[in-house]
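A short reminder: the numbers here are calculations on the coordinates, not readings from a lab. These numbers were taken from a predicted model, which means no experiment stands behind them. As a convention, Cβ positions derive from the backbone with ideal geometry for all residues, glycine included, and neighbour counts pool all protein chains shown.
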Amino acid sequence: MKPTLLIIGAGPIGIELAIHLVDKYEITIVERSTNFAGNVREWGHVRLFSPWSLNVSPLGLQISSLTLDMSSYPLGSEYISSYLSPLWTYLHNKGVTQLTETTVVSLSRSNLLKSTMSNRNTQNFNALLQRNDGSELILNFSRIADCSGTWGNPNNLGLGGMPAIGERGLCGRIVKGIPEDMSKFIGGKVVMVVGSGASAITFIDRLLSANCGGVGGEVIWVTRRLGEEIYRDVENDTLPMRDRLNKLAREIIKEGGKGTWKVTHEGGSSVISMSSTSTGCVGSEPIVVTLKGGKKVTVDEVVSAVGYRPDLEMTRELQVHQCYATEGPMKLAASLMAAGGGGGDCLKQVSGGPGTLGNPEKGMVVLGMKSYGRGSAFLIKVGIEQVGMAEEVLEMT
């Protein structure tokens, strides 16, 4: 009889892990979205800045029969339809239990409390699951792979990463991610964008390129780092999409805008407070924002592009050793920090070897974006490398 494996998250890494281990384990894969790859679907209209070759595995290519140019850059929707969808169908045909619209609420080990040290490795795991209809159930597994990523857990906008005053009360008024429909931001509006990564400049690029009948607006771009510290060239950059975004960001900051759009860059700043006369999470009244140093600006929309963090609640009852700085698994976090903090050129990131993926809870592994904690340098190619090591880690006793 095959051992049982729970894979949390049916994103690219969860699916890759499943196709590689489907013949060895009886697999259940859980996805909280209504369909697989829920996170990717949210940015299906955005083009990856890494080519096909960095987002697929040899086994995945074999199963999907993908014959596209591996040096081209797919949209998120193309990545789903041409690659992930055939893999998902393959897993269904192999008898994998696929639970969508299901959230893993909590994990534990048999009837042992987190503080119990003896005989842990001989016990199976419990998983409390909740369906979107509110029903709950507990299932039992001999192995667990947490590939849940960081989707749905955005960082805060305030000082040092804490919420700004009033931020939590604005709820849905703060836009997170890169919407496909840009209509709510155009027509002479003032839009605040907070963040200094690829998502921030991608959003600004889409906004400034939107068809708004020649009517521009203003972007107030808030970054914690100063202008000269962000969007630097990567020497001999092999990713032209990334190189284009870096150059565009520097150009927009230097020129103070593009076309009919004015862009005011507030570098070395943070959001202190936010308020609106609108009640609760809805409304369209302007938002008054106070920035570090006391400067006040009035904006129509606020866009959060400050990254995401892992959800640590589901593993609270397990002995998972997490880094105090990144909230990623300790051994991998230490390896990344020794190599430069998990930042810098993401192409230089490596998986670190099987030894970095383990933690005190044997038979349980964290893979994919969540393994980088709050780090932003993760690439799918690193996750695929992790998948190749996962079997060894899962079998460690």
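Things worth noting here:
- Degrees between helix 240-255 axis and first principal axis of the chain (Cα, 0 to 90, nearest 10): 30
- Fewest-first sequence of 273, 65, 304 by Cβ atoms within 10 Å of each Cβ: 65, 273, 304
- Kirkwood analysis of region 159-304, using all unique Cα-Cα pairs, places the hydrodynamic radius at 15.8 Å.
- Evaluated at q = 0.10, 0.13, 0.14, 0.22 Å⁻¹, a Debye calculation over the C-alpha positions of region 1-131 (equal weights, vacuum) places log10 I(q)/I(0) at -0.39, -0.61, -0.69, -1.28.
- Alpha carbon centroid spacing (whole Å) that separates region 142-178 from region 39-68: 26
- 10 Å beta-carbon shell around residue 321, net charge (K/R +1, D/E -1): 0
- Degrees between helix 198-209 axis and first principal axis of the chain (Cα, 0 to 90, nearest 10): 40
- Fewest-first ranking of 45, 92, 20, 265, using other Cβ atoms within 10 Å as the exposure measure: 92, 45, 20, 265
- Ellipsoid fit via the Cα gyration tensor, the chain: semi-axes of 38, 24, 21 Å, each the root of five times an eigenvalue, largest first.
- Cβ crowding within 10 Å averaged over residues, with 145-156, 168-179, 353-364 ranked highest first: 145-156, 353-364, 168-179
- Chain lengthening between residue 232 and residue 337 when straightened (0.36 nm per residue, less Cα-Cα): 35.7 nm
- Neighbourhood charge, 15 Å Cβ-Cβ cut-off, centred on residue 175 and excluding it, Lys, Arg +1 and Asp, Glu -1: -1
- Efficiency of FRET from Cβ geometry, residue 1 and residue 273, R₀ 51 Å, rounded to 0.05: 0.30
- Where labels lie 7 Å past Cα in the beta-carbon direction, separation of residue 244 and residue 92 in nm: 3.4
- Applying 0.36 nm per residue to the separation of residue 65 and residue 153 and subtracting their alpha-carbon distance, the gain on full extension is 28.3 nm.
- Comparing 96, 263, 215 in a Gaussian network model of the chain where C-alpha atoms under 10 Å apart are linked, the largest mean-square fluctuation is found at 215.
- Approximating the spin labels as points 7 Å out from Cα along Cα→Cβ, the residue 285-to-residue 180 distance works out to 3.3 nm.
- Computed from the C-beta positions of residue 124 and residue 101, the FRET efficiency with R₀ = 22 Å rounds to 0.30.
- For the pair residue 133 and residue 116 in one chain, pulling the backbone fully straight at 0.36 nm per residue adds 2.7 nm over the alpha carbon distance.
- CD proxy at 222 nm, helix term only [per DSSP H run n ≥ 4: -39500 (n - 2.57); per residue of the chain; nearest 500]: -6500 deg cm²/dmol
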